[in-house]
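Worksheet: the structure to be examined is printed underneath.
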Amino acid sequence: MNEPIYITIQNDIKREIENGTLQSGDLVPSENELKEKYNVSRMTARQALNNLVNDGYLYRHKGKGTFISKRKIEKNIHGVRSFTQEMAAMNRKVSSKILKFEKVASPEKVAEKLFLAKKEEVFLIERVRYGDDTPVLFEQLYIPVKLFKSITEEDLKSSFYHYVETKMNLQISHCIQSIEAIEIPKELTEYLMVKEHTPTLLIERNTFLTNGRPFEYVKSYYRGDQYKFVQHAIKG
Ligand code: 16G
């Protein structure tokens, strides 16, 4: 059976994005142009464009037309890299906004993950992180106070991993992490500037030093329309 024509239109546009004929910010052909080119109804042309918008390849600008989206950020999930390093590797400008920086008694799960005594003090840090001024990630981070006695809010405006490695001279070794697809929690929609129900990738991560001690427990919420996770794997 032949594929439906709207799929052909979608694939043609995707191919032009892949080979660079269409680049982020470019205007895509209008429904009328597609109608002429493929000899289809306006409905069919609209369906193809709607699907590409829903899949994040295109976005609409009211009154101006439909445009090619920025390519998704590809996050490697096989290494332990900081947000700052990831953005630098993609030539994106990094910035962060600290929403919370406070000392709290560790919740039970956090104490367990950080090898702490019940209710031992931790810093709770919440940050919105930006790539090229777009909010792409929300992070809720717990770190032991006894390990990071003199860390300040200012230190967390730039790279936390840089602080750990260069200011504290500690060696980061590995992490244990899980990845889950969720809807954006309602309270984060405003910070990440997305609509309710937006698909989000949640990584829960416990990261360790070379001495075997855990130094962070973090929940990172990645905008699903901005991120794609990539992994290299070896045949087992
Ligand atoms: C990433 C890490 C997070 C770490 C942060 C440090 C994941 C899932 N999370 O967001 O654990 O605390 O980078 O970034 O990869 P920074 O050094 O730029 O502050």
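Structure summary
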read-out: Residue within region 105-125 that is within 13 Å of the ligand (Cβ to nearest atom), surrounded by 20 or more Cβ atoms within 10 Å (Cβ to Cβ) and within 16 Å of residue 84 (Cα to Cα) present; value: no
read-out: Unique match (being modelled with pLDDT of 95 or more, away from the ligand (no atom under 12 Å from the Cβ) and among the aromatic types (Phe, Trp, Tyr)) among 101, 67; value: 101
read-out: Cross-chain or 6+ apart pairs with Cβ under 6 Å, region 5-20 first and farther than 16 Å from residue 53 by Cα, then of a type in the set (S, T, N, Q); value: 5/44
read-out: Residue 150 being surrounded by 15 or more Cβ atoms within 10 Å (Cβ to Cβ) and not acidic (Asp, Glu); value: no
read-out: Members of region 187-224 that are surrounded by fewer than 18 Cβ atoms within 10 Å (Cβ to Cβ), farther than 29 Å from residue 144 by Cβ and not basic (Lys, Arg); value: 189, 190, 193, 196, 197, 198, 199
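So that you can scan it fast, the table gives a plain yes or no per residue for (1) more than 20 Å from residue 227 (Cβ to Cβ); (2) hydroxyl-bearing (Ser, Thr, Tyr):
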| site | (1), (2) |
| --- | --- |
| 129 | no, no |
| 139 | no, no |
| 146 | yes, no |
| 149 | yes, no |
| 156 | yes, no |
| 162 | yes, no |
| 173 | yes, yes |
| 183 | no, no |
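The values are calculated or read from the model by the stated rules, or taken from the named source; none is laboratory data. Remember, it's a predicted structure, so these values are computed and weren't measured experimentally. Cβ: placed from backbone, ideal geometry, glycine included. Neighbour counts: every protein chain shown.
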